[in-house]
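A short worksheet on the structure shown next.
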Amino acid sequence: MEEISKYEQALRHYDFSFSDESVKAAVARLTETKVAENDTADVKRFLMGSVELTTLKTTDSDESVLALTEKVNRFYHEYPHLPHVATICVYPCFAEIVSQSLEVDGVEVACVSGSFPSSQAQLEVKVAETALAVRDGATEIDIVMSVGKYLSGDYETVCDEISELKAVCGTHSMKVILESGLLPSLADVKRAAILAMYAGADYVKTSTGKEKPAATPEAAYVMCQAIREYYDQTGIQIGFKPAGGLNTVHDALIYYTIVKEVLGERWLTNKWLRLGTSRLANLLLSEVEGKEIKFF
């Protein structure tokens with residue numbers, strides 16, 4: 001009961017009385033009035049530096065992951081006037097390949113862990129997988145919140161798992177994926193984000209990209225509200241990562257605008273704002289360079 005009381009007590013400091021419709025209206029106003037002013041070359045260059053270049057396919061192999069890593073190495077030399085991507089994100093079995101072949105300082109090696117994407121495994125399995133990923137060179141870990149346990153109201157187990165996996169990560173950043181499209185309401189998205197942060201998340205992330213819907217501007221909006229309110233309550237800054245369904249540069253500009261308007265300039269760095277995507281890197285590069293480029 002002590003652990004339940006801690007999280008239930010924390011939740012009492014936050015407002016969940018809003019409706020999905022009110023959030024949709026707020027996001028629509030924001031999109032209509034603010035996105036255009038952020039449609040600039042400078043913002044697109046910035047967003048390139050927030051991209052987490054991701055490959056999470058059943059067909060991934062040592063050769064394909066090595067080829068992706070080599071592209072990141074080449075990009076650094078061929079486009080020195082542009083920021084490098086923030087991260088290469090892979091399955092844990094490829095952590096060693098990426099960490100040993102990556103030559104660009106400042107690019108993180110992220111691994112999805114904890115029985116991604118379902119999070120349906122014994123905690124001991126999740127712990128072992130995470131520990132092995134860190135051992136093999138992962139500098140960031142992405143885990144999925146136990147959505148089924150959240151939906152059952154078992155917040156204690158949800159938070160205990162996050163806390164234990166964060167302990168395994170140590171000083172390495174851990175992102176907690178809410179799988180926002182599977183949660184019943186936007187109030188639940190906010191509640192899950194707050195629980196994840198109190199349990200030890202360094203970032204909250206919308207989606208795995210394996211479920212529909214994936215990231216949505218409305219989920220991003222309430223997650224950023226949660227991050228802002230958590231910061232106001234605790235003084236702890238938490239990062240934000242939309243992932244899944246970022247198909248166009250306009251999509252990226254919407255998320256940038258939400259972060260700018262809800263969280264403010266403090267979050268507009270390539271550390272605190274990440275974009276989980278693969279296709280977006282080429283689209284941003286093409287717009288910045290003024291011609292179609294398929295580099296990645």
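Odds and ends about this structure:
- Residue in segment 146-166 that is in contact with a Pro (Cβ under 8 Å, 6 or more places away or on another chain) and either modelled with pLDDT under 95 or open to solvent by less than 40 Å² (accessible area, probe 1.4 Å) (or both) present: no
- Residue within segment 82-103 that is exposed (fewer than 15 other Cβ atoms within 10 Å of the Cβ) and under 27 Å from Asp251 (Cα atoms) present: no
- Within segment 186-203, at least one residue is part of a loop (DSSP other than H, G, I, E, B), in contact with a helix residue (DSSP H, G or I) (Cβ under 6 Å, 6 or more places away or on another chain) and modelled with pLDDT of 95 or more.
- Residue in segment 111-125 that is part of a loop (DSSP other than H, G, I, E, B), among the hydrophobic types (A, V, I, L, M, F, W, C), touching a Ser or Thr at 6+ places or on another chain (Cβ under 6 Å) and over 22 Å from Thr87 (Cα atoms) present: yes
- Of all residues in segment 39-81, those satisfying the criterion of being basic (Lys, Arg) and open to solvent by 40 Å² or more (accessible area, probe 1.4 Å) are Arg45, Lys57, Lys71, Arg74.
- Of the residues making up segment 251-294, those that are surrounded by fewer than 18 Cβ atoms within 10 Å (Cβ to Cβ) and either within 15 Å of Lys34 (Cα to Cα) or in contact with a Phe, Trp or Tyr (Cβ under 6 Å, 6 or more places away or on another chain) (or both) number 4.
- Cross-chain or 6+ apart pairs with Cβ under 6 Å, segment 223-248 first and open to solvent by less than 10 Å² (accessible area, probe 1.4 Å), then among the charged types (D, E, K, R) and not in a helix (DSSP H, G or I): Lys241/Lys175; Lys241/Lys205; Lys241/Arg274; Ala243/Lys205
The values are calculated or read from the model by the stated rules, or taken from the named source; none is laboratory data. Keep in mind that this is a model prediction, so the values were computed, not measured. For neighbour counting, all protein chains shown are included, and Cβ atoms are generated from backbone atoms with ideal geometry for every residue, glycine included. Quick note on the areas: whole protein, heavy atoms, side chains included, nothing else; ligands and nucleic acids left out. Shrake-Rupley method; radii C 1.70, N 1.55, O 1.52, S 1.80 Å.
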